[in-house]
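Structure first, then comments.
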Amino acid sequence: MLPRALLAASLVLAAAGAAALEVGDTVRLPEVRTLDGRTLSAAALAGKPLVVEYWATWCPFCAMQNPRLQKLYERTRGTPLQVLAISIDKDPREAADYMKKRGYTFAATMDSPALQAVFGKRKGLPELYVIDARGRVVQKEVGEMLEEDVAGLERYATP
């Protein structure tokens, strides 16, 4: 009976990995390598509020939202709030060039199987998550956020 229970549990976990992350879910991010070559450990990404945005260089809505995300990043520098953008582009050089050309200084990485296991399938772009210091998803937005909505994420910078 135990092997059947273990099999059932592993199937549930596998199915959960494919489903998109939702508000209320708890996550732990894996270590990521940023487009500029830094490594952000899982520990460095845990224990502080984190804004995660999925984006692509070819996405017009991302092109509108990313400057707003940069402003948020600049306004909350020195607070616990972190920003991590995850590119779904195929070429990391293209994503890195895009970031550099536009002067974005928030952390960015490429999507990976490890990140896909955490976040599941995309429902649109940009797709933004706010994860609190305990690792709980407290906000999820699919599609472009307006200036005031991105600015409102600043509330997560203070406990």
- Task: Tell me which residues, restricted to segment 125-159, are in a loop (DSSP other than H, G, I, E, B) and modelled with pLDDT of 95 or more.
- Result: Leu125, Pro126, Asp132, Ala133, Arg134, Gly135, Gly143, Glu144, Met145, Leu146
- Note on the structure: Selection from segment 113-126 of residues within 19 Å of Arg28 (Cβ to Cβ) and under 12 Å from the mean Cα position of the chain (by Cα) yields Leu115, Gln116, Val118, Phe119, Gly120
- Query: Residue check, Ile131 against (1) β-branched (Val, Ile, Thr); (2) buried (at least 20 other Cβ atoms within 10 Å of the Cβ); (3) within 16 Å of Ala63 (Cα to Cα), all met but one. Which one?
  - Reply: (3)
- Query: In segment 42-56, is there at least one residue being among the charged types (D, E, K, R), in contact with a strand residue (DSSP E or B) (Cβ under 9 Å, 6 or more places away or on another chain), at pLDDT 95 or above and surrounded by fewer than 19 Cβ atoms within 10 Å (Cβ to Cβ)?
  - Reply: yes
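In contact with a helix residue (DSSP H, G or I) (Cβ under 8 Å, 6 or more places away or on another chain) and surrounded by 18 or more Cβ atoms within 10 Å (Cβ to Cβ), is that true of Leu84? Break it down into steps so the answer makes sense when it comes.
On the way: in contact with a helix residue (DSSP H, G or I) (Cβ under 8 Å, 6 or more places away or on another chain): yes; surrounded by 18 or more Cβ atoms within 10 Å (Cβ to Cβ): yes.
For Leu84, the condition - in contact with a helix residue (DSSP H, G or I) (Cβ under 8 Å, 6 or more places away or on another chain) and surrounded by 18 or more Cβ atoms within 10 Å (Cβ to Cβ) - is met.
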- Message: Here are the criteria: (1) of a type in the set (Val, Ile, Thr); (2) surrounded by 18 or more Cβ atoms within 10 Å (Cβ to Cβ); (3) without any contact (Cβ under 8 Å) to a residue 40 or more places away in the chain. Tell me which single one Thr105 does not satisfy.
- Response: (2)
- Output the number of residues of segment 72-97 satisfying the condition of being aliphatic (A, V, I, L, M), closer than 17 Å to Lys48 by Cα and assigned to a strand (DSSP E or B). 3
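Mind checking whether some residue in segment 63-75 is surrounded by 13 or more Cβ atoms within 10 Å (Cβ to Cβ) and farther than 20 Å from Leu125 by Cβ?
Step one: of segment 63-75, the residues surrounded by 13 or more Cβ atoms within 10 Å (Cβ to Cβ) are 63-73, 75.
Those still in the list that are farther than 20 Å from Leu125 by Cβ too: 75.
Yes: one or more hits.
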- Task: Go through segment 1-39 and count every residue that is over 15 Å from the mean Cα position of the chain (by Cα), surrounded by 10 or more Cβ atoms within 10 Å (Cβ to Cβ), part of a loop (DSSP other than H, G, I, E, B) and at pLDDT below 95.
- Result: 1
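Might you check whether a residue that is in a helix (DSSP H, G or I) and in contact with a Pro (Cβ under 8 Å, 6 or more places away or on another chain) occurs anywhere in segment 98-114?
If we filter segment 98-114 for residues that are in a helix (DSSP H, G or I), which is where we start, we get 98-102, 113-114.
Applying the additional criterion that residues be in contact with a Pro (Cβ under 8 Å, 6 or more places away or on another chain) yields 102, 114.
Yes: segment 98-114 contains one or more residues that are in a helix (DSSP H, G or I) and in contact with a Pro (Cβ under 8 Å, 6 or more places away or on another chain).
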- Message: Whether any residue in segment 86-96 is in contact (Cβ under 8 Å) with a residue 24 or more places away in the chain and among the polar types (S, T, N, Q) is what I want to check.
- Response: yes
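The values are calculated or read from the model by the stated rules, or taken from the named source; none is laboratory data. Here the structure is a predicted model, which means the values were calculated and not measured. Glycine gets a Cβ as well: all are built from the backbone with ideal geometry, and neighbour counts include every protein chain shown.
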